[in-house]
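Note sheet for the following structure.
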Amino acid sequence: MEPLIVFDSKKCIGCHSCEVACQLENDAPPGVQLRRVQTHVSGKFPESNTFSISTACFHCNDPSCVSACPAGALVRRPDGIVEHVRNRCIGCGYCIQTCPFHVPQFSPAQHTMRKCSFCILRIAYAKQPACVAKCATGALTFLSDGRPAARTAAYGSAEGLHMVYEVEGKAKEYALPEPVPLNTVTSYQLGKWLMGLLPGAALLAWLWKSADDQETGHE
Amino acid sequence: MNEITWEVPVAVDLFFAGVGAGSFCLAAIAARKNGPGWEACSRMSSLLAPLAVVIGLCMLILDLRNKTRFWVTLRVLNVDSPMSIGVWLLSSFFLVSLLFAVCELPRSTRQRIPWIGTLSVWDRREWKNALGIIGILLALGVAVYTGVLLLVSIIPLWRNLSLPILFFLSAMCTGFAGGSLLTMLSTRKRNPDAMKAPIRYIKRSYRVILPFYLFAALAFVISLSLSSASRTEAIHLITGWSGLIWWAGVIALGIIAPLILVMRRGEIRFNQCWFLFGCVLISGFLLRIVLVLAGQRAL
């Protein structure tokens, strides 16, 4: 069972109910928004149009934050939810530096990272996530089993994420992922290490040898 | 969103990790040579290596606020995370550099260390050589890790392949400078001429390292400007306050001025050495500060 939240921009009126519900449910301190509603303007006056979009953690299938975390505080569960185990979080902020969607947020008061938990406790008790439950217009809907087959039937291609967006135009215009990005931490990581290790080793070998040359007078 | 997550303590940690790695390499190289200057150089550099790592780790622990949090990272090894790999590399390097420093201590001082001071293993040449080789490999990993840590992030200024080698070269320069400065301080009254041979070697090393360092720094800026994703970041880095630090502090003070000094014929005078090593150390620190802060638009 892979849960899924679907957002339809045509139904969203930008009332911020989801944001408030999320803050209350997760007891988020001021300044930390686990769900954010952003209002965009499309087109040019007089044919311009405003629309709102509600975003939170995408719960990627290959999450950069899980790869980056040095304390094992971020875990991808078998159902696809990326869980943040707060008592393991050391507050190093590395997940913030590596998430391509700027999702994790630092809570100065608790000195730990905070992110959307997909309301795992509510889901366990067969309830909807708080943001979905409090959405006034039905712009956010929850699917308890959003496996690829179910997603394709209802909402088209949405592989790799557990937050799906029904928007007009291209997802990029809404700062949404299109296509699903590579894991920024693991992609070509060995190559990145080798970019430093190989020339570094060559230079160290030269430094080692040149000390011997100085002794024998080969300057 | 421009959330500043990493502040000055992180830059200080990266700097001291580099100084530790570089000074250990100098210590391990100097330990193979004979002469009073080389002995002092090896001893002081080997003492600086674990000390620098501890200062860096203290800054990290200070930044995490909670003292116990750092130890959580030593209960987990996430091979995908450069930070996790780095923590393990730093911890192993600290241990090896500490053992190497104990080997380098004079016997009378070493014997005062409780429990382990009187062990015969410290006098065995092969034990010290093995520690030197293992330590150099770990130092290489530590110096490169400081660059890879930033490289895998989403921050456009840091997503540049020049960063690991740039940080490695800076680590070697600052480590050599730190080790030499400490040695000069320790020998200046008793035997100031002893340092002539190590300084001659460091001058030769800088003649090779500094041009590569300059090339890596310029390649970093040029490649940032050529990529459309990071062009604005490049402009931000090379203009304003960060530009002043980059051009005046990192390039002019830390690379060009020392390069002019080491490229000159003849031996470097003692007072010139203070200037040379001081410039290199200040510039290495400024490099970390400007990259960490300007990357997050905090400078």
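Taken together, the values in this text are just the output of simple stated rules run on the coordinates, not laboratory data. Note that the structure is a prediction, hence the values are computed from the model and not measured. In this analysis, Cβ positions are derived from the backbone assuming ideal geometry, glycine residues included, and neighbour counts consider all displayed protein chains.
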- Query: Would you call A:P104 crowded, with 21+ Cβ neighbours inside 10 Å, touching a strand residue (DSSP E or B) at 6+ places or on another chain (Cβ under 6 Å) and either among the aliphatic types (A, V, I, L, M) or within 12 Å of chain B (Cβ to nearest Cβ) (or both)?
  - Reply: yes
- Filtering segment A:69-99 down to residues that are surrounded by fewer than 17 Cβ atoms within 10 Å (Cβ to Cβ) and in contact with a Ser or Thr (Cβ under 7 Å, 6 or more places away or on another chain) yields A:R86
- Can you tell me which residue within segment A:40-68, out of those that are assigned to a loop (DSSP other than H, G, I, E, B) and surrounded by fewer than 17 Cβ atoms within 10 Å (Cβ to Cβ), is farthest from the other protein chains (Cβ to nearest Cβ)? A:P46
- Inspect all residues belonging to segment B:198-216 and state whether any of them is more than 14 Å from chain A (Cβ to nearest Cβ) and either surrounded by fewer than 21 Cβ atoms within 10 Å (Cβ to Cβ) or in contact with a strand residue (DSSP E or B) (Cβ under 9 Å, 6 or more places away or on another chain) (or both). yes
- Task: Of the numbered conditions (1) within 11 Å of another protein chain (Cβ to nearest Cβ); (2) touching a residue at least 24 places away in the same chain (Cβ under 8 Å); (3) of a type in the set (V, I, T), A:V82 fails exactly one; give the number of that condition.
- Result: (1)
- Note on the structure: Over segment A:27-39, the set of residues more than 11 Å from chain B (Cβ to nearest Cβ) and of a type in the set (V, I, T) is A:V37, A:T39
- Query: Regarding B:A171, is this residue out of contact with any strand residue (DSSP E or B) (no Cβ under 6 Å at 6 or more places or on another chain), within 14 Å of chain A (Cβ to nearest Cβ) and buried (at least 21 other Cβ atoms within 10 Å of the Cβ)?
  - Reply: yes
